[in-house]
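Peer 1: Sharing a structure below in structure tokens format, with a few things to ask.
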Amino acid sequence: MTSKTGKWSHGMRIAIIGKGNVGSAIAYGLKGKRHSVTLGVRNPQAAATQELAVAAGARTASPQDAAAAADIVILALPWAAAETAVKALGDLSGKIVIDCTNPLGMVDGSLGLTVGHSNSGGEIVQGWLPSSHVVKTLNQVGAEVMADKSGLPLRPVMFMAGNDDIAKTQVAALLTDLGFEAFDAGDITRARILEPYALVWINQALLRGKGRNWAFAAVSRKENQDG
């Protein structure tokens, strides 16, 4: 149930589809934040999955069952597996779907985006789910920062793009709970700039030696009080 401000008064039911680095990090980041989190995995009873669930304070279920019961479905999947996994989730009509993916692959011998300029991974996911409210976000930083913001001098920024303003209000609240400052980049076509933006982090973290324990922040100039 939402309040007049658009925030969920009793927390959100969240399904995280995938338990890799990103899915696990989001689950850890949401621990203790009043939300009901379910990990949607192919083998919910596997020992490693149960261990993760206990550590993150989450439940486990099949991907289809987790998605069916959720207010927000988070796609924490590798791009190569995303289409098959998404289409197996069943009817997600009316649900908010957070797309964390980046359409990465080898391009001319190096890691790059396999779509861009006239399309994006976010738009493709929206095309797979025409009756859902897809929001591209949580694709712009590594899993370490998603799980733990301690030691960061500023709240890191996280951009989002989607067509539905109410959905983005709910996602912004979730991003805030995860410790990010949420910025609205516009409609889902703006995923075309957020996915290359993710490559800036990847380039610095993995190729330029900065490592993974950092994130972007937005710094605003203080207003001149004497003016």
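Peer 1: Select from segment 163-199 the residues that are open to solvent by 70 Å² or more (accessible area, probe 1.4 Å) and aliphatic (A, V, I, L, M) and write down the one among them that is farthest from PRO103 (Cα to Cα).
Peer 2: ILE166
Peer 1: Out of segment 30-42, which residues are over 13 Å from GLY18 (Cβ atoms) and more than 15 Å from the chain's Cα centre (by Cα)?
Peer 2: Listed by number, the residues that qualify are LYS31, GLY32, LYS33, ARG34, HIS35, SER36.
Peer 1: Filter segment 134-148 for residues that are in a loop (DSSP other than H, G, I, E, B) and without any contact (Cβ under 8 Å) to a residue 60 or more places away in the chain and give the result. Talk me through it step by step, then tell me what you get.
Peer 2: Kept after step one, since they are in a loop (DSSP other than H, G, I, E, B), are these residues of segment 134-148: 137-142, 148.
Those that are in a loop (DSSP other than H, G, I, E, B) and without any contact (Cβ under 8 Å) to a residue 60 or more places away in the chain: THR137, ASN139.
Peer 1: Would you check if GLY209 is open to solvent by 30 Å² or more (accessible area, probe 1.4 Å) and either under 25 Å from LEU113 (Cα atoms) or modelled with pLDDT under 95 (or both)? Lay out the reasoning, then the answer.
Peer 2: Numbers: open to solvent by 30 Å² or more (accessible area, probe 1.4 Å): yes; either under 25 Å from LEU113 (Cα atoms) or modelled with pLDDT under 95 (or both): yes.
Taking the combined requirement at face value, the residue satisfies it.
Peer 1: If you go through segment 141-181 one residue at a time, how many are in contact with a Phe, Trp or Tyr (Cβ under 8 Å, 6 or more places away or on another chain), among the small types (Gly, Ala, Ser) and modelled with pLDDT of 95 or more?
Peer 2: Summing the residues that are in contact with a Phe, Trp or Tyr (Cβ under 8 Å, 6 or more places away or on another chain), among the small types (Gly, Ala, Ser) and modelled with pLDDT of 95 or more in segment 141-181 gives 1.
Peer 1: Sticking with this structure for a sec: Please work out if ALA55 is open to solvent by 10 Å² or more (accessible area, probe 1.4 Å) and either on the phi < 0 side of the Ramachandran plot or of a type in the set (A, V, I, L, M, F, W, C) (or both).
Peer 2: Working: open to solvent by 10 Å² or more (accessible area, probe 1.4 Å): yes; either on the phi < 0 side of the Ramachandran plot or of a type in the set (A, V, I, L, M, F, W, C) (or both): yes.
The answer is yes for ALA55.
Peer 1: Name the pairs whose Cβ atoms lie under 7 Å apart, with the first residue in segment 47-70 and within 28 Å of SER132 (Cα to Cα) and without any contact (Cβ under 8 Å) to a residue 60 or more places away in the chain, the second open to solvent by less than 70 Å² (accessible area, probe 1.4 Å) and part of a helix (DSSP H, G or I), and 6 or more positions between them or separate chains?
Peer 2: Cβ pairs passing all conditions: ALA56/ALA27; ALA58/ALA27; ARG59/ALA53; THR60/THR49; THR60/GLN50; THR60/ALA53; PRO63/ALA85.
The values are calculated or read from the model by the stated rules, or taken from the named source; none is laboratory data. Remember, it's a predicted structure, so these values are computed and weren't measured experimentally. Every residue, glycine as well, gets a Cβ built from its backbone with ideal geometry; the counts of neighbours run over all protein chains shown. We work out accessible area using only protein heavy atoms, side chains counted, and drop any ligands, DNA or RNA first. Shrake-Rupley method; radii C 1.70, N 1.55, O 1.52, S 1.80 Å.
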